[in-house]
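The values are calculated or read from the model by the stated rules, or taken from the named source; none is laboratory data. As the structure is a computational prediction, the values presented were derived from the model and not from experiment. Heads up, the Cβs are rebuilt from the backbone with ideal geometry, glycines too, and the neighbour counts pull from every protein chain shown. Calculation scope for accessible area: heavy atoms of the full protein, side chains included, ligands and nucleic acids excluded. Shrake-Rupley method; radii C 1.70, N 1.55, O 1.52, S 1.80 Å.
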Amino acid sequence: MIPSIINIIISRFDIIKGDVDVVELTSGLINNSYKINISNSKSFLLQKINTSVFPEYDKLMTNVFKVSEHINKKLKSIKNIEYINADFYTTIDDRYYYKDNDNNIWRLSEFIENDSPDWEDKKTIASEAGKILATFHFLTNDIHTNSIYETIPGFHSIKLRWNKLLSLIKDNNSRYTESKNIFNKIRGFEHLINEFDDNFNSNSLPLRIVHNDPKLSNILFRNNRAISLIDPDTIMPGYLPIDFGDAIRSLCNTADENETNIEKVRFDIDSFKAFSKSYLEIMKSFLNSKELASLAIFPLIISLEQLIRFYTDYLEGDIYYQTNYLKHNLNRSRVQLKLLESMSAYFEQMQAFIMEN
Ligand code: GN1
Ligand code: MG
């Protein structure tokens, strides 16, 4: 349903003039998004920020504008970089967002048209995705990490997420008792949590600017080429292998993270190779040896983290991710679990490929 307030909100951003047609977009799991079409003009993306997930929306929008300005400047000074940056717009009173009378937070950006790539050509998609993530990392690699706020503290602290899950494992939670097998299987991957801690605590990975959500649906394509990485909400200081792992988690799954037929879910090593190769072509010279050595393990770590997050939300009664049916989060957990199981068998190959390329 399109809220009637939208026309009032649009009037707060004077960039939009003329008759509008509003279409709700449903692919994100957190914010509410609307495409604003204007006759004979470009389209806009209006989003209502989910303030329970992003209570630090003011800092978040400061990050978004800062990173966007930096990227635009760099794109102007270095020619031939294939990357489209979605511009954000300020309100008529020059703010980064509009707060309505119900304290909802709205922001507006350019809508970049995206045509669906040839899904059969998985290798090209993976290679293009590797290129676009590396381009984003290259474009942001000279932003000082202390100038960007950490808007969700511990966002990738898998230990915290694991402890949260453990606190929900109670025999009076019927969602748990009916899905114990999932939890027992998650337990089998506990060693990955320590693996992450070793990387995290030793301070051996340099702090960088990280996108934190480079999933396939956040990559835009045109004529089978990746042109942009959108959804800057979670840009924060962090560790590059996290982005690498998250992109692989989403891209190298032969099925979607919402797939209901678990049989379709597998890890695709060819996509992994295509992604890694094009990522390293751009970023290898910027990575230190620790980062390089951690790349292969992070797809496993981040798949486990996502599995823990979906399963935790299921046990909590679906309070975080938007769901479309009763066991949606449980099903998402099953998909991540199957992916992780399948990926684990390839770890040595993944590691060897990174080291050889
Ligand atoms: C959420 O809302 P969306 O779709 O951009 C989530 C990501 C998850 C992703 C899984 C702030 O992203 O961390 O990886 O779902 N964002 C937040 O699809 O938690
Ligand atoms: Mg996101």
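Cross-link partners of Lys327 among aspartates and glutamates, defined as those whose alpha carbon lies under 14 angstrom from its own and excluding same-chain residues fewer than eight positions apart: Glu178, Glu257, Glu259, Asp313, Glu316, Asp318.
A Förster radius of 25 Å combined with the Cβ-Cβ distance from Ser289 to Glu316 puts the calculated FRET efficiency at roughly 0.05. With coordinates expressed along the principal axes, the C-alpha atoms belonging to the range 3-110 extend over 43, 36, 31 Å, beginning with the largest. If you plug the beta carbon distance of Asp197 and Ser43 into 1/(1 + (r/R0)^6) with R0 = 35 Å, you get a FRET efficiency near 0.20.
Extending 7 Å from the Cα toward the beta-carbon at both Asp21 and Ser116 defines two label points whose distance is 1.9 nm.
Scoring 316-323, 78-85, 290-297 by mean Cβ neighbours within 10 Å over their residues and listing the highest first yields 290-297, 316-323, 78-85.
Given R₀ = 22 Å, what would the calculated FRET efficiency be for Lys73 paired with Thr145, taking r from the Cβ atoms and rounding to 0.05?
Rounded to the nearest 0.05, the efficiency is 0.80.
Close amide-amide hydrogen proximity is noted between Leu25 and Ser33, Tyr34, Lys35, each under 5 Å apart and 5 or more residues distant or on a separate chain (H modeled in the peptide plane; Pro and chain starts excluded). Using only alpha carbons, the chain has a radius of gyration to Kirkwood radius ratio (Rg to Rh) of 0.96.
For the range 122-356, the fraction of 1.4 Å probe accessible surface lying on carbon and sulfur atoms is 48 percent. With the helix formula -39500 (n - 2.57) applied to DSSP H stretches of n ≥ 4, the chain reaches a computed 222 nm mean residue ellipticity of -14000 deg cm²/dmol.
In straight-distance terms, cross-link reach from Lys42 covers every one of the aspartates and glutamates whose alpha-carbon lies under 15 Å from its own, apart from those fewer than eight places away in the same chain; here that gives Asp14, Asp19, Asp21, Asp87, Glu110, Glu113. Ordered from highest to lowest accessible area with the whole protein assembly present and a 1.4 Å probe, Leu46, Leu75 read as Leu75, Leu46.
Sequence-distant contacts, meaning Cα pairs under 8 Å at least 6 residues apart, place the relative contact order of the range 122-356 at 28 percent. The residues of the chain expose on average 46 square angstrom of accessible surface per residue, using a 1.4 Å probe on protein heavy atoms.
Placing dummy labels 7 Å off each Cα toward the beta-carbon, the span from Asn261 to Leu166 is 3.9 nm. Gain on full extension, evaluated as 0.36 nm per residue between Glu178 and Arg225 minus their Cα-Cα distance, stands at 12.5 nm.
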